[in-house]
Structures are given as structure tokens and as C-alpha cells.
Amino acid sequence: MKQIIYFLLSVILFSCGNNKKETPKPTQEIPQRSVAKQHVRLINVNSDFEKEIANWQELKSVNTFLKKFNKVSPNEALSNALELRDLVKSLKDSVKPTIFDVPSFEARVNVLQNETLRLADLTLIPAITSEEVNLQVDKTIAAFSSVNSKINTILSKKRFEDAIDIEIDYIGIDSTKMDSVSKKSINLIKKEELLKKKRLPVKSKLFKPKKI
């Protein structure tokens, strides 16, 4: 009888030992909101135009601060969201160069502000996922890239118009008050007149008889 009891106890202990070995050790996982992600590339203002915006401090502040979001974790993005929101508001309320005081540029700044407000709102949602935060960061960077792209477009157009050669004496008006359409029209007129001059026949000299 004792042998049977010892045998049963041995079987039970052996089974428990096997179960203990097969139990996998828990692995320590990094929370997804702490994993840094490479985000969309930020489009900058062309280096040729840096002098044109050198005194626009609010724009420079947003540009510098937003570079922190180039590769950032969701937790880091949320911790900087409120400061970014305030910097963009300062940009929107700033005294911008006159050349950018146009509706198309204002619209892009408004879109940027809306995206930063959405990013800031995510800080109030405890159950927000890392994917949602990363997506909003991409949208915010893209919105500021759109602002910089518009700056490049406006300044490129200005440089092109300034490069047009116009004779002030010919038009007899103040060129600073002319728009791009007027400048192009005058240049077309000048080209037509030059072509007409080239088409005119050369007057032949009258034949004069020699004196005897």
C-alpha cells in the first residue's frame, strides 16, 4: 500500500515540475505611446528667401519648435502640443509682411491653427491611441509645410515680377503702383513695336546724276 502511495506522489510531483518548466516567462513590452516615430518631412522656406522673412520672429519660432516633431513618440508629442498651439496662435496674430496679407495665405494659417488645436485636444483624452496621435502630428506638420510652400510661391512670383525690365520714361507712370498684369501688357507692346521696326523696308537712296 505504501508503495502505491509513494508512486502516486512521485507522479504528481513530476507533473507539477513539467508544468512549471512549460510556463513562459513574461516579456517586458515597451508601451506603444513611448515609441518614437519618424513623421512626414517638413517643407521649409527656400534659403534664397530667408532674408525676406528674417524679421518675422513668430514664423521662425513655429518652424524651430515644430522640428522637435520630426521624430517623436506620441507621449512627447502630447507633452509639447500646448506650447505648439500657443506659438501658432502668436503667428496668426502677428504683424506679417504686407506681401503675405492675402486671403490664400490666411487660409493656410487658419488650417495650421485648427490642426494644432486638434493635437492639443488629444491631451484631454486618456484612452487616446498612439496611432491617433501620430496621425494628428503628421497632419500638423503637413499644414505648416503648406504655409511654407505658399511663402515660397508668393516670393517666387515677386522675384519674377521684379526681374521684368521696364523703362519708366516709356510708360510715364510710377512703376511701384503697377500690378503684374500691367507690366506684362507693357512688355508685350514693346515687343510688338520692335518687331514692326524690323519689318519696315529700308529706304533706298535717291539716284543723283553726276555733274558734268
message = With 10 angstrom as the radius, rank 95, 45, 40 by how many other C-beta atoms surround their C-beta, starting from the fewest.
response = 95, 40, 45
inquiry  = Bins of 10 Å, beginning at zero and ending with the bin holding the largest distance: percent of Cα pairs per bin for the range 62-160, please.
reply    = 15, 47, 26, 10, 2, 0
request  = At a temperature of 4 °C and a viscosity of 1.567 mPa s, determine how fast the range 97-146 diffuses translationally according to Stokes-Einstein, using the Kirkwood radius over alpha-carbon pairs as Rh; express D in µm²/s, rounded to the nearest whole number.
outcome  = 109 µm²/s
inquiry  = Quick check: residue separation of residue 121 and residue 160 times 0.36 nm, minus the Cα distance between them. What number comes out in nm?
reply    = 9.8 nm
task = Quick one: which residues, 5+ away or cross-chain, put their amide H under 5 Å from the amide H of residue 37? H built at 1.01 Å from N.
result = 72, 73
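Most exposed first by the Cβ proxy, i.e. fewest other Cβ within 10 Å, how do 129, 123 rank? Before the final figure, lay out each step's value.
On the way: 129 13, 123 16.
The fewest-first ordering by Cβ neighbours comes to 129, 123.
Values in this text are rule-based calculations from the coordinates and carry no lab data. Keep in mind it's a predicted model, so treat the numbers as computed, not measured. Cβ sites come from the backbone with ideal geometry, for glycine too, and all protein chains shown count toward neighbours.
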